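The values are calculated or read from the model by the stated rules, or taken from the named source; none is laboratory data. Computed from a predicted model, the values in this text were never measured in an experiment. Cβ sites come from the backbone with ideal geometry, for glycine too, and all protein chains shown count toward neighbours.
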Amino acid sequence: MYNKYFRTGVIAVILASLFSITVVSKAAADGITWTSRTSAANNSWGSVTYGNGLFVAVSHDGNVMTSPDGITWTSRTAASNNDWWSVTFGNGLFVAVSLNGSPNQVMTSPDGITWTSRTSVANNNKTSVTYGNGLFVSVSWTGATPRVETSLDGITWTGRTAAAGNLWQSVTYGNGLFVAVAEAVVVGVAAANRVMTSPDGITWTLRAAAANNTWVSVTYGNGLFVAVSWAEKGNITNRVMTSPDGITWTSRTAAADNYWTEVTYGNGLFVAVSTTDAGTSSNRVMTSPDGINWTSRTAVDSWNSITYANGLFVAVSGNGQVMTSGEFKLTADTGAAAAAAKAKADADAAASAEAARKQKMQQELTEIFAIIPKIAELTLSLGELTKAIVMKKSDVSGLTKKQPIKVTASELKQIQKLGKALALKIAASNKGSVNEGAVASFAEGVRILYGK
């Protein structure tokens with residue numbers, strides 16, 4: 001059946017797609033020039049991601065905020081007041097994990113706005129979650145085994161055995177491989193157990209890291225895995241390592257001896273952010289076109305997380321700050337995705353309203369039929385009958401008891417016409433939920449009530 005909401009949704013998608021073609025970025029996402037933005041609240045923002053036309057950030061103090069462009073942010077209510085450590089997007093769903101809040105250390109949202117608590121397998125300090133090859137994978141920093149959990153839908157989780165009981169800090173997916181990096185259980189132990197890989201998220205294999213650092217973030221881009229670290233005491237250099245396959249790693253020199261917290265890839269550039277630095281407070285970002293040669297960039301504050309989408313790098317800090325580099329581009333894909341998401345939300349709201357309206361009309365119809373037996377015991381004028389039906393009059397004690405009467409053929413036709421008109425009106429209001437048989441029965445009922 002033709003539906004005006006369907007028409008509106010189609011038009012919205014078409015207009016958004018056409019509009020998106022005309023929107024052109026004014027500045028390249030270069031990771032060099034950064035602009036401070038106002039966050040939704042002064043929270044300790046721990047992780048940011050992008051999906052379904054929306055940037056989503058979660059905080060260590062139990063909050064969520066969203067932005068369609070990385071500039072204007074809106075507070076959202078998290079599913080629980082947990083220490084949310086990481087958020088990702090995959091298969092139409094945002095998934096966040098936390099350090100605490102057992103057993104509900106996971107929350108999910110289809111739109112970044114409404115969040116639902118999910119039960120995890122183990123009461124671990126979950127530090128990172130990613131999506132790849134149809135699977136969500138989370139890793140844990142501390143706690144009982146298992147320190148890896150997987151889920152096909154973000155809702156039901158299964159424990160997996162990690163390659164070692166390390167303090168796993170970050171996990172990513174690229175080139176058909178899940179790769180996780182860690183801090184060793186004991187400071188100073190060999191680097192051999194600070195990386196693990198898995199082709200399926202289930203079976204994991206230990207790999208040798210390039211240095212004994214506290215590896216806290218790993219990403220994949222342009223055919224290369226890149227990890228950044230907080231160096232352990234005595235290891236003030238080589239805070240970056242790279243690998244073409246996730247197995248063999250090579251140390252690289254960072255642009256500064258900072259506590260690098262996260263690295264991402266976008267627009268042909270690797271960009272890393274940090275919380276502290278070696279002597280200054282202005283070089284908290286570094287960039288690299290190849291993951292090997294790094295350059296310091298000017299940015300202040302203590303940055304915890306960074307992501308990239310459609311021409312824009314977005315970073316969030318533990319001090320409630322947001323900064324961006326580049327300019328968000330509304331592409332045909334993002335425009336259509338945003339329009340489709342809005343059209344779906346509008347359609348869902350319309351469907352809900354329609355269902356409520358139908359339920360109300362059905363209740364009214366039930367009430368109308370319920371008074372017919374009462375009316376059958378009365379002698380009513382045409383006006384009284386109309387009022388009794390339309391107003392669903394339940395108190396008829398003041399009306400005259402039924403007496404044998406006669407009506408003319410003309411009056412009978414008028415009564416039948418009234419009954420059919422009322423029934424048709426109900427049927428029309430109920431969008432066809434009253435069929436023609438019901439209409440005929442209703443009209444016949446009126447005839448019997450006021451017939452010979």
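So is A78 assigned by TED's automatic domain parsing to the domain that holds N42 and modelled with pLDDT under 95 or not? Please lay out each step first, then the result.
On the way: assigned by TED's automatic domain parsing to the domain that holds N42: yes; modelled with pLDDT under 95: no.
No; evaluated as a whole, the condition is false for this residue.
Can you tell me which residue within the range 59-69, out of those that are not acidic (D, E) and not in a strand (DSSP E or B), is surrounded by the most Cβ atoms within 10 Å (Cβ to Cβ)?
Initially, the range 59-69 is screened for residues not acidic (D, E), giving 59-60, 62-68.
This time we only want the ones that are not in a strand (DSSP E or B), so: 60, 62-63, 68.
Details: H60: 18, G62: 19, N63: 21, P68: 16.
Out of the qualifying residues, it is N63.
If I filter the range 153-175 down to residues being of a type in the set (A, V, I, L, M, F, W, C) and either at pLDDT below 95 or crowded, with 21+ Cβ neighbours inside 10 Å (or both), which single residue comes out as farthest from V226 (Cα to Cα)? Full working, then the answer.
First, the residues of the range 153-175 that are of a type in the set (A, V, I, L, M, F, W, C): 155, 157, 162-164, 167-168, 171.
Still in the running and either at pLDDT below 95 or crowded, with 21+ Cβ neighbours inside 10 Å (or both): 157, 162-164, 167-168, 171.
On the way: W157: 28, A162: 21, A163: 20, A164: 21, L167: 19, W168: 16, V171: 11 Å.
The qualifying residue farthest from V226 (Cα to Cα) is W157.
Among the candidates A122, A164, which residue alone is in the same structural domain as W84 (by TED's automatic domain parsing), farther than 24 Å from N222 by Cβ, in contact with a helix residue (DSSP H, G or I) (Cβ under 6 Å, 6 or more places away or on another chain) and not aromatic (F, W, Y)? Reasoning before the result, please.
Values: A122 fails: in contact with a helix residue (DSSP H, G or I) (Cβ under 6 Å, 6 or more places away or on another chain).
Within the list A122, A164, the selection yields A164.
List the strands (runs of 3 or more DSSP E) that sit entirely inside the range 252-310 and contain at least 1 residues that are among the charged types (D, E, K, R) and either outside the structural domain of D69 (by TED's automatic domain parsing) or over 22 Å from S128 (Cα atoms) (or both). Don't jump to the end; show me each part of the working.
Values: elements: 260-266, 269-274, 285-288, 295-297, 303-309.
Output list reads 295-297.
Does V56 fit the bill of being part of a strand (DSSP E or B), within 18 Å of T119 (Cβ to Cβ) and assigned by TED's automatic domain parsing to the domain that holds T172? Spell out how you get there, then give the answer.
Details: part of a strand (DSSP E or B): yes; within 18 Å of T119 (Cβ to Cβ): no; assigned by TED's automatic domain parsing to the domain that holds T172: yes.
Judged against the criteria, V56 is not a match.
Only one of these conditions is not met by V171: (1) touching a residue at least 40 places away in the same chain (Cβ under 8 Å); (2) assigned to a loop (DSSP other than H, G, I, E, B). Which number is it?
(2) is the only condition that V171 fails.
With the condition kept exactly as written, say whether any residue in the range 183-191 is assigned to a strand (DSSP E or B) and either surrounded by 24 or more Cβ atoms within 10 Å (Cβ to Cβ) or at pLDDT below 95 (or both). Can you show your working first?
The initial filter retains those residues of the range 183-191 that are assigned to a strand (DSSP E or B), namely 183.
Pick out the ones that are also either surrounded by 24 or more Cβ atoms within 10 Å (Cβ to Cβ) or at pLDDT below 95 (or both) and you get 183.
Looking for residues that are assigned to a strand (DSSP E or B) and either surrounded by 24 or more Cβ atoms within 10 Å (Cβ to Cβ) or at pLDDT below 95 (or both), one finds at least one in the range 183-191, hence yes.
When residues of the range 92-103 are filtered for being in a loop (DSSP other than H, G, I, E, B) and either closer than 23 Å to R147 by Cβ or among the charged types (D, E, K, R) (or both), how many remain?
Looking only at the range 92-103, we keep the residues that are in a loop (DSSP other than H, G, I, E, B), and these are 92, 99-103.
Narrowing the set further to residues that are either closer than 23 Å to R147 by Cβ or among the charged types (D, E, K, R) (or both) leaves 99-103.
Residues meeting the conditions: 5.
Could you list, in sequence order, all residues of the range 73-90 that are in a strand (DSSP E or B) and not aromatic (F, W, Y)? Working first, answer last.
Residues of the range 73-90 that are in a strand (DSSP E or B), as a first pass: 74-76, 84-90.
The answer is T74, S75, R76, S86, V87, T88, G90.
This table checks each residue for (1) among the small types (G, A, S); (2) over 25 Å from M323 (Cβ atoms); (3) buried (at least 16 other Cβ atoms within 10 Å of the Cβ); (4) in contact with an Asp or Glu (Cβ under 9 Å, 6 or more places away or on another chain).
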| residue | (1), (2), (3), (4) |
| --- | --- |
| T35 | no, no, no, no |
| S44 | yes, no, yes, yes |
| A57 | yes, no, yes, no |
| I71 | no, no, yes, no |
| K126 | no, yes, yes, yes |
| L135 | no, yes, yes, yes |
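Could you list, in sequence order, the residues of the range 137-152 that are loosely packed, with under 15 Cβ neighbours inside 10 Å and either touching a residue at least 40 places away in the same chain (Cβ under 8 Å) or more than 18 Å from N100 (Cα to Cα) (or both)?
Within the range 137-152, just L152 meets the criteria.
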